[in-house]
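The values are calculated or read from the model by the stated rules, or taken from the named source; none is laboratory data. Quantities reported herein were computed from a predicted structural model and do not represent experimental measurements. Because the Cβ atoms are built from the backbone with ideal geometry, glycine has one as well, and the counts that use them run over all protein chains shown.
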Amino acid sequence: MARLPQPGQDAGTWGGVLNEFLRVGHSEEGALKGVEHVVNIKDYGAKGDGTTDDTNAIKTALNTSAWPYPKRSFFPAGDYKISDSLKIPDYSMVYGTNYQGSRIHPVDGMSVPVFNFGENGGATITDLHIGGGGSAGVSAVIMGGQAQRLIGFNILGWKGVGISVSVQNA
């Protein structure tokens, strides 16, 4: 059974013991085996300060969590300003701390949907809030594919149509 080296007991064998531990506990690319990968959008430059346009940082984080390795994308508490639609990868989960703690704010005049789901489905958005921004005729959410889920999701203070949910079939 793989184990970590023990001080005073593994003199001269630390390298072999440690390498065996790492080989058993990690995949070849270095990720821990059996641990679900979570992408924190702040690790990709999102500020969540309500002032900075976080669109590109969020898009980069979401692309990192795309298939063939579906992962979870986490929005820590904050106010994330966006100026373009966010594509949610198939078979992924996007989640925040709760709808009051993790908030997405489209810029005024944004003329595209806040979220655009992938074609194959299986994505979930949970514990996020969309508030403020938008303009007449703007969709808060557009859904494509199948088996998409919104859980603990609120839209408050929207200046446009509120929520528009549609299915686009290929």
- Task: Go through (1) of a type in the set (Val, Ile, Thr); (2) within 16 Å of LEU62 (Cβ to Cβ); (3) in contact (Cβ under 8 Å) with a residue 40 or more places away in the chain one by one and return the number of the condition VAL107 breaks.
- Result: (2)
- Note on the structure: Note: among GLY101, GLY134, GLY122, just one is small (Gly, Ala, Ser) and modelled with pLDDT under 75, namely GLY134
